[in-house]
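Taking it in order: structure first as structure tokens, then the write-up.
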Amino acid sequence: MIFDESKKPSVIVPLTGTTTQMLIEQAEEAQAAGADVIEWRIDFMIGAHHNLSFTSLGREIVEPILACTTVPLLLTIRTMEQGGQVKLSDGRYRILLAEMLDTLNYLQVPAERIGIDLEFRFEGTPALCERAQELGYTVVLSHHDWNETPHPDVMYLVFDEMLELPGAVPKLAVTPNSEDDVDALLCTARKVSREHDRPIIALSMGELGKRSRLEGWKYGSIATFATVGEGSAPGQPSIAELRAALADSQ
């Protein structure tokens, strides 16, 4: 597990660079600023350099990042439909993730330092999840709703479906249109975490949802995202702002 459940919450900082040097510098800066986990948003790199394979990316980037930091690394390819930088067919997404797992296994990276983000609605996710867990990696199952905050019963069912994959950490991010929407997301997170006794991540996006990033741990969400420089999603606070808020609420 790349998340330390004793921390409230684990702070994830995304890396959005489009060159090896940018990513290494961002990783070092993120760790120095207090990140508990760094997330390499690979879709930023793919968006800037089309037709890249993870075989070359892994050797040129993963090993240097792991060498210059000590915190875990979450690897994420976010598709455009889920708020990312690249539009990928199901086949291309599957190939990239399969390459990722094969390359990490070949490189013999420390399994305890690796997390793999898998988009939940992709039909190949269960098989990829099983393969990643066989290799010892933490799996985050992610689903983003960029249109609305669904009814609490619907959000509960989404979490319930994700929790059917044993050992994975479900992450649900939704878009609020009111403070009531933020409350609905947080209350759903609390219900799910209490009833299932499994780690989850719950986020309400945008400026309106920033409260969920600062207070979600009180409702059972084990991790949140913060920025050092450029963020990867709307509403992410700076790590300095987040750390200050967490200190005030302890």
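The values are calculated or read from the model by the stated rules, or taken from the named source; none is laboratory data. Keep in mind it's a predicted model, so treat the numbers as computed, not measured. Positions of Cβ are backbone-derived with ideal geometry, glycine not excepted, and every protein chain shown enters the neighbour counts. With ligands, DNA and RNA removed, areas are computed over all heavy atoms of the protein, side chains included. Shrake-Rupley method; radii C 1.70, N 1.55, O 1.52, S 1.80 Å.
The number of residues in the stretch 1-24 being more than 12 Å from residue 225 (Cα to Cα) and hydrophobic (A, V, I, L, M, F, W, C) comes to 6.
Taking the stretch 83-101, which residues are assigned to a helix (DSSP H, G or I) and either among the small types (Gly, Ala, Ser) or crowded, with 19+ Cβ neighbours inside 10 Å (or both)? Once the filter is applied, which keeps residues that are assigned to a helix (DSSP H, G or I) and either among the small types (Gly, Ala, Ser) or crowded, with 19+ Cβ neighbours inside 10 Å (or both), the stretch 83-101 yields 91, 93, 96, 97, 98, 100, 101. Kindly establish whether residue 221 is touching a residue at least 40 places away in the same chain (Cβ under 8 Å) and either surrounded by 23 or more Cβ atoms within 10 Å (Cβ to Cβ) or more than 19 Å from residue 41 (Cα to Cα) (or both). It is true that residue 221 is touching a residue at least 40 places away in the same chain (Cβ under 8 Å) and either surrounded by 23 or more Cβ atoms within 10 Å (Cβ to Cβ) or more than 19 Å from residue 41 (Cα to Cα) (or both).
Counting the residues of the stretch 1-40 that are part of a helix (DSSP H, G or I) and either of a type in the set (Gly, Ala, Ser) or modelled with pLDDT under 85 (or both) gives 4.
Considering only residues that are touching a residue at least 60 places away in the same chain (Cβ under 8 Å) and open to solvent by 20 Å² or more (accessible area, probe 1.4 Å), look in the stretch 102-134 and name the one that is nearest to the chain's Cα centre (by Cα). Filtering first and then ranking leaves 113.
In the stretch 41-64 there is no residue matching the filter, namely being within 27 Å of residue 148 (Cα to Cα), open to solvent by 10 Å² or more (accessible area, probe 1.4 Å), in a loop (DSSP other than H, G, I, E, B) and of a type outside the set (Lys, Arg).
Residues are listed down the side, and each one gets a yes or a no for (1) in contact with a Pro (Cβ under 9 Å, 6 or more places away or on another chain); (2) under 23 Å from residue 88 (Cβ atoms); (3) aromatic (Phe, Trp, Tyr):
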{"site": "117", "(1), (2), (3)": "no, yes, no"}
{"site": "135", "(1), (2), (3)": "no, yes, no"}
{"site": "138", "(1), (2), (3)": "yes, yes, no"}
{"site": "144", "(1), (2), (3)": "no, yes, no"}
{"site": "153", "(1), (2), (3)": "no, no, no"}
{"site": "159", "(1), (2), (3)": "yes, no, yes"}
{"site": "171", "(1), (2), (3)": "no, yes, no"}
{"site": "176", "(1), (2), (3)": "no, no, no"}
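Of the residues 181, 197, 160, 153, the single one that is touching a strand residue (DSSP E or B) at 6+ places or on another chain (Cβ under 8 Å) and more than 30 Å from residue 102 (Cβ to Cβ) is 181. Scanning the stretch 137-150 for residues being touching a helix residue (DSSP H, G or I) at 6+ places or on another chain (Cβ under 9 Å) and open to solvent by 40 Å² or more (accessible area, probe 1.4 Å) gives a total of 2.
Scanning the stretch 159-174 for residues that are surrounded by fewer than 21 Cβ atoms within 10 Å (Cβ to Cβ) and either part of a strand (DSSP E or B) or not acidic (Asp, Glu) (or both) gives 163, 165, 166, 167. Filtering the stretch 35-54 to residues that are more than 17 Å from the chain's Cα centre (by Cα) and either without any contact (Cβ under 8 Å) to a residue 40 or more places away in the chain or under 24 Å from residue 1 (Cα atoms) (or both) leaves 47, 48, 49, 50, 51, 52, 54. Applying the criterion of being closer than 22 Å to residue 129 by Cβ and touching a Ser or Thr at 6+ places or on another chain (Cβ under 9 Å) to the residues of the stretch 175-218, the residue that is surrounded by the fewest Cβ atoms within 10 Å (Cβ to Cβ) is 193.
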